[in-house]
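Notes follow once the structure below has been shown.
Here, each number is a calculation from the coordinates, and none is a lab measurement. Quick caveat: nothing in here was measured; it's all calculated off a predicted structure. Positions of Cβ are generated from backbone atoms using ideal geometry, with glycine treated the same way; all protein chains shown enter the neighbour counts.
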Amino acid sequence: MTGERNAGRKVDTRLLELLACPLTKGPLKWDAEHGELVSRLARLAYPVRDGIPIMLPSEARALSDEAPDRPPPTRG
């Protein structure tokens, strides 16, 4: 499950200011569509389950080579 329960929710901006990627210590960005906290530097997306960020690299989803802000190109 990739955060469907948290998709579309907003995350408290104060929480984002306190949290950092555990690998890079860099900032995180909230991805409301997927319900994940994204570390661009580590190219990982950390899930948020029931409002709780799961900040374990072993639980994170690796981001593709595509830009994290853009969906993959459609084929048609």
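Ranked highest first by average number of other Cβ atoms within 10 Å, how do 42-51, 21-30 line up? It would help to have the intermediate numbers written out before the result.
On the way: 42-51: 17.8, 21-30: 15.9.
Averaged packing, sorted descending, gives the order 42-51, 21-30.
Pull out the extension gain between residue 33 and residue 12, defined as 0.36 nm times the separation in residues minus the alpha carbon to alpha carbon distance; nm, one decimal.
6.0 nm
Taking θ as phi - 60°, what are the ³J(HN,Hα) couplings along the stretch 47-56 by the Karplus curve (6.51, -1.76, 1.60), each to the nearest whole Hz, with x for Gly and Pro?
With the stated coefficients, the stretch 47-56 comes to x, 10, 10, 6, x, 10, x, 9, 8, 9 Hz.
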